[in-house]
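Novice: Okay, handing you the structure first.
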Amino acid sequence: MPQRPLEAVAAALVRLYALPLTRIVELTDDHIRHDQGHTYLTVNHHPFVLPPKLARLIDDQLQHSPRHSNTAGCRYLLPGHSPGRPRNPLGLADTLRHHGLPARAARNTAMMDALADLPPMVIADLLGIHPETAERWATLAGGNRSDYLAARRADP
């Protein structure tokens with residue numbers, strides 16, 4: 001498991017939410033919201049409640065990261081070396097792999113786990129992937145939810 005908080009945040013987001021590194025590096029402080037003792041990460045316009053330990057890691061990361069903002073005035077959760085730029089996803093993948101977490105394999109596993117609990121259309125909406133892509137993932141995971149799609153089409 002990664003040793004530095006920055007890598008731990010990225011690893012947790014991959015493993016828990018099946019987020020690709022290209023999306024994780026684009027996350028800013030605008031994606032984080034605190035409300036009544038909970039911390040939320042908004043992805044694709046959907047807020048996810050973060051586990052308390054991950055919320056603390058993210059808060060620490062934002063508190064101690066460079067104060068450079070991007071053009072929209074937001075700070076990246078995983079800032080890059082250049083001011084106002086996010087971390088490079090390929091470099092982050094190499095770092096995670098060095099710490100024993102192959103990000104693609106971890107994301108694939110997280111996607112399969114998510115599809116065991118939720119229909120592909122829900123996953124597509126939550127993660128911002130194409131519905132056909134989610135269906136292909138569901139087929140790979142062994143759960144084809146075509147009955148769910150038929151019911152949604154019949155009852156708008």
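The values are calculated or read from the model by the stated rules, or taken from the named source; none is laboratory data. Worth saying up front: this structure is predicted, and the values here are computed from it rather than measured. Neighbour counts run over all protein chains shown; Cβ positions are idealised from the backbone, glycine included. We work out accessible area using only protein heavy atoms, side chains counted, and drop any ligands, DNA or RNA first. Shrake-Rupley method; radii C 1.70, N 1.55, O 1.52, S 1.80 Å.
Novice: Could you list, in sequence order, all residues of region 119-128 that are crowded, with 16+ Cβ neighbours inside 10 Å and at pLDDT below 85?
Specialist: Within region 119-128, Leu126, Leu127 qualify.
Novice: Hey, among Leu16, Leu6, which residue is more than 16 Å from Asn88 (Cα to Cα), assigned to a helix (DSSP H, G or I) and open to solvent by 10 Å² or more (accessible area, probe 1.4 Å)?
Specialist: Working: Leu6 fails: more than 16 Å from Asn88 (Cα to Cα).
After applying the criteria, what remains is Leu16.
Novice: Sort out which residues of region 75-127 are part of a helix (DSSP H, G or I), among the hydrophobic types (A, V, I, L, M, F, W, C) and closer than 26 Å to His64 by Cα, and write them in order of number. Don't jump to the end; show me each part of the working.
Specialist: If we filter region 75-127 for residues that are part of a helix (DSSP H, G or I), which is where we start, we get 89-98, 103-117, 120-127.
Then keep just the ones that are among the hydrophobic types (A, V, I, L, M, F, W, C); that gives 90, 92-93, 96, 103, 105-106, 110-112, 114-116, 121-124, 126-127.
Across region 75-127, the qualifying residues are Leu90, Leu92, Ala93, Leu96, Ala103.
Novice: Return the pairs, sorted by first residue and then second, in which the second residue is assigned to a helix (DSSP H, G or I), the first residue lies in region 118-129 and is small (Gly, Ala, Ser), the beta carbons are less than 8 Å apart, and the residues are 6+ apart or on different chains.
Specialist: Ala124/Pro131; Ala124/Thr133; Ala124/Ala134; Gly128/Arg23
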